[in-house]
Amino acid sequence: MTTQISDVITTTKTLAESGPVAEAFHSIIRELTQARSTITAARPPIAELAEPYQDYLRRQTVTKGKEPLYSYVGSGIGNGPLVQLADGSVKWDMINGIGVHMFGHSDPDLVTTALRGALVDTVMQGNLQFNPSAIEAAERLVAEASRSSRMKHCFLINSGALANESAVKICFQKNAPADRVITFRHSFAGRTIAMVSIGDSAAGRVGIPITMPVDYVPFYDPDQPETSAKAAVARLDELLERYPGRHACFAMELVQGEGGFNVAPREFFMPLLERCREHGIGIWADEIQTFGRTGEMFCYETLEIGEYIDVVTVGKLSQVCACLYTAEYNPQPGLLSATFVGSTVALYVGQRMIERLRDGGYFGPDGRIAGLQKAFREHAGALIERHPQWFPPLEYPGGHTSTRFVDGIGGMMRLTPFGGKRDKIMQALHTMFDEGVIAFYCGRGPFHIRLLPPIGVMEPQQFDDVFTIMETALAKTASS
């Protein structure tokens with residue numbers, strides 16, 4: 001058994017286990033539990049707080065140079081899926097910072113974990129000076145990743161985009177002099193210069209130079225499964241013939257996030273993976289958004305394709321981000337480094353969240369995550385049945401239409417009213433916010449309402465209240 005430094009009698013251990021500290025923690029959590037227990041449902045703002053709240057928003061607009069998408073300023077407390085804003089209103093948080101807050105708001109266990117982390121030395125840890133928690137966090141990720149893949153090593157870093165930067169650098173170095181990247185159409189990889197070069201979003205790189213040649217393969221279309229699968233293989237074959245030996249990696253979002261919560265079966269990926277293996281092209285799985293959400297810890301586990309993955313990136317729910325890679329893709333010294341790994345609190349809380357997901361009955365066909373997806377689909381289906389006029393056929397580029405109004409996987413959920421027209425979807429989202437549900441959008445035509453509920457604490461029956469509010473908001477949108 002490996003001895004942890006925290007098991008040895010050190011000053012840190014003495015402090016963490018002292019009676020006064022333990023009592024202080026207990027007192028804080030007791031008061032927190034009492035305070036959060038008053039937050040039980042969505043409610044409107046408090047009139048007296050309207051002007052101070054608007055002042056916050058004005059200050060944010062001045063500082064940032066543009067208005068925020070939502071008038072969201074948190075108060076600093078919530079209760080699981082519910083969050084209280086600084087104007088006293090309470091809303092159902094169904095987006096959670098685009099999936100960051102997996103266990104919602106003011107979770108007593110995570111607050112306790114954060115308090116322990118806050119006692120430890122420095123606020124931030126880095127690649128030059130770090131504590132045992134950084135080593136343990138990396139070990140935990142490797143242990144989880146290697147169960148069904150060849151992952152061997154882990155580089156921690158403090159953002160998803162930089163984890164993705166690390167991944168593409170590893171692939172370029174391993175497969176030099178290859179200088180091209182393959183990815184799927186409608187992909188998203190982050191907002192650094194390199195990542196907007198890879199992501200398939202013209203709006204995300206206006207005025208930005210393209211830093212590397214990137215080739216795009218069509219993603220799976222569930223309305224045309226055989227045709228789309230053949231088109232993806234044909235396009236990959238064309239690229240391999242046109243640029244022999246030039247591709248360093250295939251960057252794969254196994255579920256497309258910003259692109260529309262687009263899901264594909266294992267059968268779609270397999271011929272693409274086999275061809276990449278035959279041609280020595282690295283497979284990089286971008287799981288920044290899918291990590292912990294698709295019914296298993298990693299989406300490649302859900303799809304049973306872990307043996308093909310050379311590099312995987314994770315983030316959001318893990319609190320600190322990471323790039324994991326096989327022994328074959330272990331880069332040379334000097335390629336990867338950064339001042340920050342992440343905050344000590346984030347390292348503590350991220351590990352605890354992964355532990356709870358691993359041990360709490362969340363995964364598998366009968367797990368809590370699958371139960372939430374089932375409840376979402378049942379509520380969405382009932383809504384569509386009650387109001388079919390809100391759900392005209394969706395028009396996709398290329399001319400085909402679809403009645404697939406509900407999609408996603410696990411804790412990634414989407415609903416598409418009003419034909420997916422951007423102006424109506426945005427209007428619906430703002431009305432939902434005003435009524436008490438926070439969501440976001442994804443896709444680029446059609447556009448979709450996107451939900452990333454806090455699957456660590458969300459209960460299926462809580463969709464009753466969420467959909468009641470959504471129905472009211474959609475009715476107001478439809479009549480305007």
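The values are calculated or read from the model by the stated rules, or taken from the named source; none is laboratory data. Nothing here was measured: the structure is a model prediction, and the numbers come from that model. Neighbour counts run over all protein chains shown; Cβ positions are idealised from the backbone, glycine included. Just the protein is used for accessible areas: all its heavy atoms, side chains included, with ligands, DNA and RNA removed. Shrake-Rupley method; radii C 1.70, N 1.55, O 1.52, S 1.80 Å.
A few points about this structure:
- Some residue of the range 258-265 being surrounded by fewer than 24 Cβ atoms within 10 Å (Cβ to Cβ) and either among the basic types (K, R) or more than 20 Å from A189 (Cα to Cα) (or both): yes
- Remark: pairs (first residue in the range 162-188, over 28 Å from V341 (Cα atoms); second residue open to solvent by 60 Å² or more (accessible area, probe 1.4 Å) and of a type outside the set (D, E, K, R); Cβ separation under 8 Å; 6+ apart in sequence or on different chains) = A178/G245.
- Residue list for the range 120-147, restricted to those being more than 18 Å from V341 (Cα to Cα) and surrounded by fewer than 19 Cβ atoms within 10 Å (Cβ to Cβ): A143, S146, R147
- Given (1) on the phi < 0 side of the Ramachandran plot; (2) open to solvent by less than 20 Å² (accessible area, probe 1.4 Å); (3) in contact with a Gly (Cβ under 6 Å, 6 or more places away or on another chain), index of the condition T290 fails: (3)
- Test: residue in the range 401-413 that is in contact with a Ser or Thr (Cβ under 7 Å, 6 or more places away or on another chain), buried (at least 19 other Cβ atoms within 10 Å of the Cβ) and part of a loop (DSSP other than H, G, I, E, B): yes
- Scanning the range 229-255 for residues that are of a type in the set (G, A, S) and part of a helix (DSSP H, G or I), we see that the one that is least open to solvent (accessible area, probe 1.4 Å) is A232.
- Selection count where residues are hydrophobic (A, V, I, L, M, F, W, C) and open to solvent by 40 Å² or more (accessible area, probe 1.4 Å), scope the range 55-76: 2
- At least 3 residues being charged (D, E, K, R), out of contact with any His (no Cβ under 7 Å at 6 or more places or on another chain) and farther than 17 Å from I98 by Cβ is the threshold, and among the helices (runs of 4 or more DSSP H) wholly inside the range 256-374 those reaching it are 266-278, 344-359.
- Flag if L115 is over 19 Å from Q462 (Cα atoms), in a helix (DSSP H, G or I) and touching a residue at least 24 places away in the same chain (Cβ under 8 Å): yes
- Where E226 falls short, out of the listed (1) among the acidic types (D, E); (2) open to solvent by less than 50 Å² (accessible area, probe 1.4 Å); (3) out of contact with any Lys or Arg (no Cβ under 6 Å at 6 or more places or on another chain): (2)
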